[in-house]
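Structure record follows, encoded as structure tokens.
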Amino acid sequence: MAASILPGNDSASIEAACAALRTGGLVAMPTETVYGLAADAGDGKAVAALYAAKERPTFNPLISHVTGLEMAEQLGRFNTVARKLAAAFWPGPLTLVVPRSDACPVSSLACAGLDTIALRAPDHPVAQSLIKAFGGPLVAPSANPSGGVSPTCAKHVADGLGDRIDLILDGGACSVGLESTVIGFEGDQPLLLRKGGLARQDIEAIIGPLRLPDAASPKASPGMLKSHYAPHAKLRLNATHAEAGETLLGFGKTKGAMLNLSTSSNMQEAAANLFAYLRELDASGTSRIAVAPIPDEGLGEAINDRLKRAAAPRDSE
Ligand code: TXA
Ligand code: MG
């Protein structure tokens, strides 16, 4: 049976969602980045069901979502830099990977057996109400079948996972539209594990230059698969025009585009439109999408990261 879509800003919906979560169910919740598929982080069976619903490889650990630093510090050990980042950017599109605390109740499957845990306080009233009402952390990967385009509205979730989950809370369109930026640590040294909805320079303004992990390092984000966020159509990047058989996704002053991520070259707007537009182009039936160049600055870094993965050869090829 298809999951029902309930208005997220309604206490009866939050109660229904909590009831589903308490019995091991899966609930899609809006966040400011993308919609997440939530399960009780402490319930190993629920977490296993979540991996199965998404067909996600179990070596790819999940983010535990919390109301804020107080709940987070029960789950992980924060160093000074991590605390500073949480104070500056939570709630918001930033995930911090820190050592698990000794008494951490989060299922080890959720952390893929690692001794670290990824934590984030989402900046969305519906996600905040749900975590608060549930009274503990919720794991939530993006609410889409693994490898596909992340959902930025309730309908996207219903299209991809509607028949495999219990409930969808509708919170409208996501304001950020890209997954959170993930920061991990090597000792006390912060590392940029995933580019995302919080621009690198905003973080560097608080804590100074960020390093990227070496590709070979075990600290590299285990979930950063080469092919990811992929629509059905093939992508060609940095295109100045569409060739025969291609549909053009524009940015700024691009001419002849079917859709334009932001005619005013506004990065926030482009980020918020990216996944919805890739889905819309797929739905138009085109088999090839040409994407105009996006400056690699600010949120453009994360947009280009997602586009590169969306354009990468698929694992099945
Ligand atoms: O914005 C977001 O982050 C969304 C919303 C729903 O919060 N969630 C999301 O989750 O994007 P997901 O599962 O698609 O991405 C989680 C990322 C993956 O790249 C994963 O490898 C990384 O976080 N991660 C989780 N735990 C980790 C750990 N212990 N060490 C290193 N990376 C970790
Ligand atoms: Mg994802």
>> Can you go through Val157, Val176, Val182 and tell me which one is within 12 Å of ligand 1 (Cβ to nearest atom), among the β-branched types (Val, Ile, Thr) and in a helix (DSSP H, G or I)?
In response: Val157
> Tell me, which helices (runs of 4 or more DSSP H) lie completely within the range 22-122 with 3 or more residues that are under 22 Å from Asp163 (Cβ atoms) and in contact with a strand residue (DSSP E or B) (Cβ under 9 Å, 6 or more places away or on another chain)?
Replying inline: 44-54
> What about Arg77, is it in contact with a Pro (Cβ under 8 Å, 6 or more places away or on another chain), among the charged types (D, E, K, R) and closer than 16 Å to Ile183 by Cα?
Replying inline: yes
> What number of residues within the range 177-201 satisfy the criterion of being surrounded by fewer than 16 Cβ atoms within 10 Å (Cβ to Cβ), touching a strand residue (DSSP E or B) at 6+ places or on another chain (Cβ under 9 Å) and modelled with pLDDT of 95 or more?
Replying inline: 0
> What is the one condition in (1) within 16 Å of ligand 2 (Cβ to nearest atom); (2) of a type in the set (A, V, I, L, M, F, W, C); (3) closer than 16 Å to Val47 by Cα that Leu114 does not satisfy?
Replying inline: (1)
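Residues are listed down the side, and each one gets a yes or a no for (1) at positive phi; (2) among the hydroxyl-bearing types (Ser, Thr, Tyr); (3) in contact with a Ser or Thr (Cβ under 7 Å, 6 or more places away or on another chain); (4) assigned to a loop (DSSP other than H, G, I, E, B):
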| position | (1), (2), (3), (4) |
| --- | --- |
| Ala276 | no, no, yes, no |
| Leu281 | no, no, yes, no |
| Thr286 | no, yes, yes, yes |
| Pro295 | no, no, no, yes |
| Gly298 | yes, no, no, yes |
| Glu301 | no, no, no, no |
| Asp305 | no, no, no, no |
| Arg309 | no, no, yes, no |
| Pro313 | no, no, yes, yes |
> Gly147 fails exactly one of the following numbered conditions: (1) at pLDDT 95 or above; (2) within 12 Å of ligand 1 (Cβ to nearest atom). What is the number of that condition?
Replying inline: (1)
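The values are calculated or read from the model by the stated rules, or taken from the named source; none is laboratory data. Bear in mind that the values here come from a model prediction, so they are computed numbers and not experimental data. Note that we place each Cβ from the backbone using ideal geometry, even for glycine, and neighbour counts take in every protein chain shown.
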